[in-house]
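Okay, structure first, notes after.
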Amino acid sequence: MRKIFLVSLIIFSSLFLTGCSLKKSKNASKEMPEASPTVEPAKPIEQTITTRPFVSLTATTDNHWLTIEMKNIPKSVLSLEYELLYFADVEGNKVERGVSTAGKAVDLNGQSVFSKKILLGSASCTTGTCKYKYDEGVTEGALSLILNSPGGKEKYETAYRIQKGKEGSGGLTTGDGVFSFVSSGLSPTASYLTISSIGVPAQLPTGVVPKTIPYAIFSSGAIKGGTVAFKTTLTTTVSIYAYDGKSWSKLTTQTSNGEAKATSSGQSIFILAE
């Protein structure tokens with residue numbers, strides 16, 4: 001199997017840039033090389049937020065399937081390509097697996113939405129019956145998305161992490177060191193997948209300027225209140241905004257020592273903005 005590393009999650013902002021990489025487990029036979037930050041696209045988040053698709057990635061409770069959904073895809077986009085990478089436990093090692101469009105673009109036929117249920121494993125199907133062999137121990141990975149339009153290609157890359165609710169007291173995060181959500185009230189056995197949603201599900205309030213990419217938590221269980229935190233070098237003029245499925249709310253935000261913090265009450269999508 002080819003050995004590659006996952007490209008880091010990038011914060012698209014003219015004032016705020018950081019990266020993350022996925023690490024191979026200590027049981028792996030070889031060390032994974034360091035990932036280098038790559039800015040794609042080059043334009044800052046405040047210039048592109050209105051044209052970015054909103055991406056959700058939801059895991060089943062057993063972590064055997066992931067459903068990727070994209071909404072608000074610009075009308076100019078004719079087709080898309082994706083590659084979903086993840087690490088699975090194989091004989092004591094973390095082995096990279098992947099599912100992709102294999103270079104063959106999916107025609108959107110004018111649709112602004114796309115959905116695909118992805119098996120984390122393999123299937124053997126005969127006469128309408130399928131037998132599945134599931135990959136186990138999947139807790140992190142990366143998603144690469146390419147949107148094709150007459151004007152060219154837009155490429156987005158984001159890392160994700162799957163955690164159980166019992167890990168919420170230590171913090172749900174993508175592992176990039178930028179965003180975290182801490183809560184002791186999550187369902188202990190439910191799966192919570194944290195990822196950058198690339199775009200927002202609804203336009204931000206008038207005059208609000210994003211300073212980070214949006215982060216989202218998708219879950220098989222309820223999202224309850226918790227402490228939301230963003231690492232930032234920005235000043236106290238920034239605030240955390242949260243989306244509850246209907247509208248954005250400005251959370252009371254405290255900024256100090258390079259971190260913006262706020263208390264949420266059931267929202268699952270967050271962004272740092274001025």
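The values are calculated or read from the model by the stated rules, or taken from the named source; none is laboratory data. In this text the structure is predicted, and so the values were computed from the model without any measurement. Counting neighbours? That spans all protein chains shown, and the Cβs are built from the backbone with ideal geometry, glycine included.
A count restricted to the stretch 228-239 and to residues that are surrounded by fewer than 21 Cβ atoms within 10 Å (Cβ to Cβ) and within 29 Å of residue 64 (Cα to Cα) stands at 0. Mind listing just one residue for me: the one in the stretch 166-177 that is more than 13 Å from the chain's Cα centre (by Cα) and surrounded by fewer than 22 Cβ atoms within 10 Å (Cβ to Cβ) and, of those, farthest from residue 233 (Cα to Cα)? Ranking the qualifying residues of the stretch 166-177, first place goes to 166.
Sort out which residues of the stretch 240-265 are surrounded by 15 or more Cβ atoms within 10 Å (Cβ to Cβ) and farther than 24 Å from residue 192 by Cβ, and write them in order of number. Of everything in the stretch 240-265, just one residue is surrounded by 15 or more Cβ atoms within 10 Å (Cβ to Cβ) and farther than 24 Å from residue 192 by Cβ, namely 255.
Within the stretch 178-199, can you find the residues that are buried (at least 19 other Cβ atoms within 10 Å of the Cβ) and over 20 Å from residue 66 (Cα atoms)?
Hits for the stretch 178-199 are 178, 179, 180, 181, 183, 186.
Residues checked against (1) at pLDDT 95 or above; (2) closer than 18 Å to residue 146 by Cα; (3) crowded, with 18+ Cβ neighbours inside 10 Å:
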residue: 80; (1), (2), (3): yes, yes, yes
residue: 83; (1), (2), (3): yes, yes, no
residue: 92; (1), (2), (3): no, no, no
residue: 98; (1), (2), (3): no, yes, no
residue: 106; (1), (2), (3): yes, yes, no
residue: 112; (1), (2), (3): yes, yes, no
residue: 115; (1), (2), (3): yes, yes, no
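Looking only at the stretch 130-145, residues that are part of a strand (DSSP E or B) and buried (at least 18 other Cβ atoms within 10 Å of the Cβ) come to 6 in all.
Please go through the stretch 109-129 and pick out each residue that is within 29 Å of residue 152 (Cβ to Cβ), assigned to a loop (DSSP other than H, G, I, E, B) and either free of Cβ contacts under 8 Å to residues at least 24 places away in the same chain or touching a strand residue (DSSP E or B) at 6+ places or on another chain (Cβ under 6 Å) (or both). Show your work before the answer.
Residues of the stretch 109-129 that are within 29 Å of residue 152 (Cβ to Cβ), as a first pass: 109-116, 118.
Among the residues that remain, those that are also assigned to a loop (DSSP other than H, G, I, E, B) are: 109-113.
Within the stretch 109-129, 109, 113 qualify.
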